[in-house]
Amino acid sequence: MLDAISATQVAMLQDQLKLQSISHNVSNMQTPGYKRQLIENIQFDEHFQAQMSTVSQQMQLSTQAVQGTFVQSQNPTEMALAGEGYFEIQTDNGVFYTRRGDFHVNEQGQLATATGGILLGKGGPLHVDDNVFTIDANGWVFVDNHKIDQLNLVKFEHPEQLRYQGQGLFESEEIPIPTEGTTRLLQGHLEQSNVKSIDEMMEMTKTARHFEASQRVMRIADGLLSTAINQLGITQN
């Protein structure tokens, strides 16, 4: 009976984490380049070994790498990636990766993210200053028809293991590799989030119903345990 209560507690905590993930997806529906985050359950036979304090670590967070739709913005500092691959971003906390392409030119003349991260080229931070610039499909940057650098576009063998850090940025322990022409850059476009409201609504409904069912199971198990204790007390008397 105690195992039944413990397993139900684990299931309910998993549902809570799933609902948090769904809420996070919905709140990022308008974030350019955002990828839907999914939380996967631990295996059934692991429910009984799981401790309440470690359930969140044992659950797996995966990223749906399905490409979002493109919209044309006509803004030369905004870019989208067609195919696999990520922009490389330098921040005060290290290098991160993103498909969020709503860049701007900062006060130092560098292409930067909304939160201040610097877009990296092969030669380091990309400087365009106040110049009119173009970027071709392979990521080559031109100022006055002269090549000045190439964007450092990278990919991963296991992109589903990227860890989302917020603001469109991902972190990875895996060493990235160059896209080598498998990715096409579109200047003046933005990739939209791949989150679909109908999918999140369905997942939310399913998870909420599972949580309610787990609550009923716990109440039944608790009732049976109370009855067993009372009957044991009567027998001993």
- Message: What does the extension gain come out to for Lys206 and Gln16, with contour length at 0.36 nm per residue minus their alpha carbon separation?
- Response: 67.2 nm
- By the C-alpha gyration tensor axes a ≥ b ≥ c (rounded if a/c is under 1.5, else prolate when a/b exceeds b/c, else oblate), the shape of region 93-161 is oblate
- Output the peptides 71-78, 167-174 sorted from most to least packed, where packing is the average of other Cβ atoms within 10 Å over each peptide's residues. 167-174, 71-78
- Query: On a 0 to 90 degree scale, rounded to 10, what angle separates helix 197-236 from the longest Cα axis of the chain?
  - Reply: 20
- Item | Residue among Ala112, Gly139, Ala221 farthest towards the positive dipole end of the chain, charges placed on Cβ | Ala221
- Once Lys and Arg are counted +1 and Asp and Glu -1 for all other residues with Cβ under 12 Å from that of Glu174, the total becomes -2
- Task: Heavy atoms only, probe 1.4 Å: what % of the accessible area of region 119-232 goes to carbon and sulfur, would you let me know?
- Result: 53
- Item | Cα long-axis angle, helix 2-27 against the chain (0 to 90 degrees, to the nearest 10) | 30
- Task: Treat every Asp and Glu Cβ in the chain as -1 and every Lys and Arg Cβ as +1, leave all other atoms uncharged, and give the resulting dipole magnitude about the Cα centre to the nearest 20 debye.
- Result: 680
- Query: How long is region 102-237 along each principal axis, judged by its Cα atoms, biggest number first, in Å?
  - Reply: 95, 32, 31
- Task: Under 19 Å Cα to Cα from Lys18, which lysines show up? Leave out anything in the same chain fewer than 8 places away.
- Result: Lys35, Lys196, Lys206
- With the 1.4 Å probe rolled over protein heavy atoms, the chain has an accessible area per residue in Å² of 57
- Treating the Cα atoms of the chain as identical point scatterers in vacuum, please give the log10 of the normalised Debye intensity I(q)/I(0) at q = 0.07, 0.12, 0.16 Å⁻¹, two decimals. -0.35, -0.74, -1.08
- Sequence neighbours fewer than 8 away in the same chain don't count; with that in mind, list the lysines whose C-alpha is under 20 Å from Lys147. Lys122
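Please state, as a whole number in µm²/s, the translational diffusion coefficient that the Stokes-Einstein equation yields for region 81-127 at 10 °C and 1.306 mPa s, with Rh defined as the Kirkwood radius across alpha carbon pairs.
In µm²/s, the coefficient is 147.
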- Task: Kindly report, to the nearest 10 Å², the accessible surface of Leu186 as traced by a 1.4 Å probe over protein heavy atoms only.
- Result: 30
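The values are calculated or read from the model by the stated rules, or taken from the named source; none is laboratory data. Note that the structure is a prediction, hence the values are computed from the model and not measured. Neighbour counts are summed over all protein chains in view; Cβ atoms, including those assigned to glycine, are modelled from backbone coordinates with ideal geometry. Only protein heavy atoms, including side chains, enter the accessible area calculation; ligands, DNA and RNA are left aside. Shrake-Rupley method; radii C 1.70, N 1.55, O 1.52, S 1.80 Å.
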